[in-house]
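Have a look at the structure below, then the notes.
The values are calculated or read from the model by the stated rules, or taken from the named source; none is laboratory data. Every value quoted in this text rests on a predicted model; they were computed, and no experiment measured them. Here the Cβ is made from the backbone with ideal geometry for all residues, glycine too, and neighbour counts use every protein chain on show. Please note that ligands, DNA and RNA were not included when accessible areas were found on the heavy atoms of the full protein model with its side chains. Shrake-Rupley method; radii C 1.70, N 1.55, O 1.52, S 1.80 Å.
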Amino acid sequence: PVEVTASPLRDDGGIRGAVVAFRDVTERREMERIKDEFVSVVSHELRTPLTAIRGALGLLESKALDSRPEQAAHMVHIALTSSERLGRLVDDILDTERLNASTTHFDLEEHRVDDLVAAAVEQVSVQANKAGVRLRPDTTPEIVRADGERIVQTLTNLLGNAVRFSPHGSSVRVSALPAGDLVELRVDDEGRGIPPDKLDAVFHRFVQVDASDTRERGGTGLGLAIARSIVERHGGRLWAISEGEDQGSSFRFTLPRVPPRPSGQLRPVRTP
Ligand code: ADP
């Protein structure tokens, strides 16, 4: 589409002519369309837990459950878990917006990959224990230039997903290998895998393989979109590989590599 604007050229005697401008607005319209779609999906996502909270509190207020304490307790549980979900959604939505604004500051420092992996494994360990999934980090001497907190966030997200979509008794492996002037990090699980036509789509906001994935498994649908933005802000790439159903998934990303030095103290990773 082309936008046409015209403005009159005047002098003392009146209108002398006009300046007509043609502007190609294809890109702007597309940006606006994406933004509108995002706003409508976000409001739907926010409304779902809000409706559950209202429903549960309404029932409690009506005293209809006064003689059924177990059901009343269940309603309180629904209201609580839904408000936690609402909180996570708001945090993640704000995070995607912040990452899109290129003004967000990244604290680039040298980090041992082992330290970053250990911090992420620690954050996911309770969830993994509950799910009966073993986290197996391989040690590596690699050093990367990265915002430690943001990379721990990325790894935590990938590990959390791997645990959520893996069966009891399986393992999730985290490894890193040098690839020229990059380090490639991998999170491999033995879970249900991702169909080939969804391998790229899962990185888009609110896209999931099964419609029930986010709600039943407690995610927000934004984790991989956030992870990809973080990695791309480091100049790296994040992608997924899966051989098919029940063949597991492998999430891989690259970061700038720092050649190893004989000694030298690296800053510890700060975690929230
Ligand atoms: P969610 O909060 O829904 O997990 P994500 O952006 O983290 O949002 O992931 C998007 C979707 O990708 C998930 O809903 C799930 O369908 C799929 N997915 C992500 N990680 C895995 C994995 N390790 N195994 C199988 N499917 C996965």
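Among the conditions (1) within 7 Å of the ligand (Cβ to nearest atom); (2) touching a residue at least 40 places away in the same chain (Cβ under 8 Å); (3) closer than 23 Å to Leu86 by Cα, the only one that Asp210 does not satisfy is (2).
Within the range 183-206, restricting attention to residues that are near the ligand (Cβ under 6 Å from one of its atoms) and within 25 Å of His234 (Cα to Cα), which residue is farthest from the chain's Cα centre (by Cα)? For the range 183-206, the residue satisfying everything is Asp189.
Go through the range 49-67 and report how many residues are outside any helix (DSSP H, G or I) and touching a Leu at 6+ places or on another chain (Cβ under 7 Å). Can you show your working first?
Taking the range 49-67 as the starting set, the residues that turn out to be outside any helix (DSSP H, G or I) are 62-67.
With the extra rule that they be touching a Leu at 6+ places or on another chain (Cβ under 7 Å), the set shrinks to 65.
Result for the range 49-67: 1.
Candidates in the range 236-261 are the residues that are away from the ligand (no atom under 13 Å from the Cβ) and more than 17 Å from the chain's Cα centre (by Cα); of these, the one that is surrounded by the most Cβ atoms within 10 Å (Cβ to Cβ) is Leu255. Candidates are the residues of the range 1-20 that are among the charged types (D, E, K, R) and out of contact with any strand residue (DSSP E or B) (no Cβ under 7 Å at 6 or more places or on another chain); the one that is farthest from Arg33 (Cα to Cα) is Asp12. Glu97 falls short on exactly one of the conditions (1) among the charged types (D, E, K, R); (2) within 30 Å of Val39 (Cα to Cα); (3) over 30 Å from the mean Cα position of the chain (by Cα), and that condition is (3).
Condition check: open to solvent by less than 60 Å² (accessible area, probe 1.4 Å), within 28 Å of the chain's Cα centre (by Cα), modelled with pLDDT of 85 or more and within 24 Å of Leu222 (Cα to Cα). Does Leu50 satisfy that?
Working: open to solvent by less than 60 Å² (accessible area, probe 1.4 Å): no; within 28 Å of the chain's Cα centre (by Cα): yes; modelled with pLDDT of 85 or more: yes; within 24 Å of Leu222 (Cα to Cα): yes.
So Leu50 fails the test.
Listed residues Glu27, Glu45; which is touching a Phe, Trp or Tyr at 6+ places or on another chain (Cβ under 7 Å) and not aliphatic (A, V, I, L, M)? Going through Glu27, Glu45 in turn, the sole match is Glu45.
Please pick out the residue among Gly264, Gly236 that is part of a loop (DSSP other than H, G, I, E, B) and at pLDDT 95 or above. It would help to see each step written out before you state the result.
On the way: Gly264 fails: at pLDDT 95 or above.
After applying the criteria, what remains is Gly236.
Just to be sure, is Ser7 hydroxyl-bearing (Ser, Thr, Tyr) and either without any contact (Cβ under 8 Å) to a residue 12 or more places away in the chain or part of a helix (DSSP H, G or I) (or both)? So Ser7 fails the test.
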